[in-house]
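First comes the structure, then the notes that go with it.
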Amino acid sequence: MTTTTTATGTDEVVLEASRVTLRFGGLTSLSEVSLRMRRGEVLAVIGPNGAGKTSLFNSLTGFYHPQEGRVTLRDESGATHELIGRKPHSVNRLGVARTFQNIRLFGALTALENVKVAAETRERSGPLGIALGLPHTRRADRASGERAEQLLEFVGLAARRYERAGSLSYGDQRRLEIARALATGPRVLLLDEPAAGTNPTEKLELTALIRRINRELGVGVLLIEHDMRLVMSVADRVAVLNFGRVIAEGTPAEIQRDPAVVEAYLGAEAAQPDPEEVER
């Protein structure tokens with residue numbers, strides 16, 4: 001793990017992928033992908049259909065296990081942890097949370113219950129403590145409930161706390177999934193196409209929410225998104241994948257001018273007239 005010095009001071013790298021290669025049989029999904037995420041930044045990963053964006057997310061969070069390379073996380077104490085080979089719940093406990101392109105909520109539970117379940121993963125009461133109703137277990141249960149209430153307020157869903165998750169609008173379900181991810185206490189939050197299926201108003205609200213997560217909660221955000229307006233308005237830096245390789249990395253302004261990025265997206269646009277609808 002690396003710490004660099006810039007004009008503004010120490011620039012800590014909290015999540016780093018180094019020469020990550022992922023193969024499925026004879027297909028190489030990621031080829032020597034290297035990526036550094038700095039503390040407290042919003043880093044967007046974009047690329048045409050089939051570029052390897054979701055494969056990268058899955059490799060960072062324990063859902064896939066790359067054959068080569070390293071993925072390391074620096075925790076709050078400064079210790080580094082190798083993430084490759086860990087199961088998703090172990091990666092989450094270390095401080096990496098994520099959402100999915102396809103929403104994965106408990107539809108029959110209320111919004112509050114969904115977030116509380118996630119908040120309880122931070123507690124270590126154990127089944128015996130729960131069964132016996134021990135004092136520390138009751139305190140942990142109250143703390144989880146309070147944390148869930150706070151996060152629902154933060155994402156704008158406090159008024160819908162007792163509604164079933166499955167009955168919420170699509171945009172509200174997206175925000176609920178983000179609240180649930182935040183309830184695990186991450187240092188880094190990975191958002192997999194959070195604007196997918198949302199309307200223009202919801203996208204504006206989502207943009208504001210991502211900024212608040214980053215600035216008010218101090219959580220780094222790693223974002224996959226096909227809505228280029230959202231990406232360019234919220235990201236500090238952008239990395240571009242194409243055919244499983246990083247072809248460019250820089251500020252949004254630099255990326256928009258990069259010839260390799262323009263060429264990659266021209267190919268995507270030829271099959272998809274709307275230039276903002278660049279999907280996996």
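Taken over segment 208-231, the residue count meeting the criterion of being aliphatic (A, V, I, L, M) and under 14 Å from the mean Cα position of the chain (by Cα) is 9.
For segment 98-123, a residue qualifies if it is more than 17 Å from Glu163 (Cα to Cα) and in contact with a strand residue (DSSP E or B) (Cβ under 7 Å, 6 or more places away or on another chain), and the qualifying residues are Arg98, Thr99, Phe100, Gln101. The set of residues from segment 28-40 being surrounded by fewer than 16 Cβ atoms within 10 Å (Cβ to Cβ) and either under 19 Å from the mean Cα position of the chain (by Cα) or under 14 Å from Val238 (Cβ atoms) (or both) comprises just one member, Ser34. Exactly one residue among Glu205, Glu249 is under 19 Å from the mean Cα position of the chain (by Cα) and part of a strand (DSSP E or B), and that residue is Glu249.
Residues in segment 68-85: is at least one in contact with a His (Cβ under 6 Å, 6 or more places away or on another chain), part of a strand (DSSP E or B) and surrounded by 13 or more Cβ atoms within 10 Å (Cβ to Cβ)? Yes, the conditions are met somewhere in segment 68-85.
Listed here are the residues, each with its yes/no results for (1) touching a Gly at 6+ places or on another chain (Cβ under 6 Å); (2) buried (at least 17 other Cβ atoms within 10 Å of the Cβ); (3) outside the structural domain of Arg19 (by TED's automatic domain parsing).
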site: Leu191; (1), (2), (3): no, yes, no
site: Pro194; (1), (2), (3): no, yes, no
site: Thr198; (1), (2), (3): yes, yes, no
site: Arg212; (1), (2), (3): no, no, no
site: Leu223; (1), (2), (3): no, yes, no
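Criterion applied to Arg280, Arg237 was being modelled with pLDDT under 90 and touching a Gly at 6+ places or on another chain (Cβ under 8 Å), and the one residue passing it is Arg280. For segment 112-121, state whether one or more residues are within 16 Å of the chain's Cα centre (by Cα), modelled with pLDDT under 95 and surrounded by fewer than 15 Cβ atoms within 10 Å (Cβ to Cβ). No: zero hits. Residues in segment 167-202 that are part of a loop (DSSP other than H, G, I, E, B) and without any contact (Cβ under 8 Å) to a residue 40 or more places away in the chain: Ser169, Ala195, Gly197, Thr198, Asn199. State whether one or more residues within segment 12-27 are in the same structural domain as Gln150 (by TED's automatic domain parsing), surrounded by 16 or more Cβ atoms within 10 Å (Cβ to Cβ) and part of a strand (DSSP E or B). No; the residues of segment 12-27 include none that is in the same structural domain as Gln150 (by TED's automatic domain parsing), surrounded by 16 or more Cβ atoms within 10 Å (Cβ to Cβ) and part of a strand (DSSP E or B). Yes or no: Val91 buried (at least 21 other Cβ atoms within 10 Å of the Cβ) and in a strand (DSSP E or B)? Judged against the criteria, Val91 is not a match. Say whether the condition of being touching a residue at least 60 places away in the same chain (Cβ under 8 Å) and surrounded by fewer than 19 Cβ atoms within 10 Å (Cβ to Cβ) is met by at least one residue in segment 226-234. Within segment 226-234, none of the residues are touching a residue at least 60 places away in the same chain (Cβ under 8 Å) and surrounded by fewer than 19 Cβ atoms within 10 Å (Cβ to Cβ).
The values are calculated or read from the model by the stated rules, or taken from the named source; none is laboratory data. Note that this is a predicted model, so its numbers are computed, not measured. In this analysis, Cβ positions are derived from the backbone assuming ideal geometry, glycine residues included, and neighbour counts consider all displayed protein chains.
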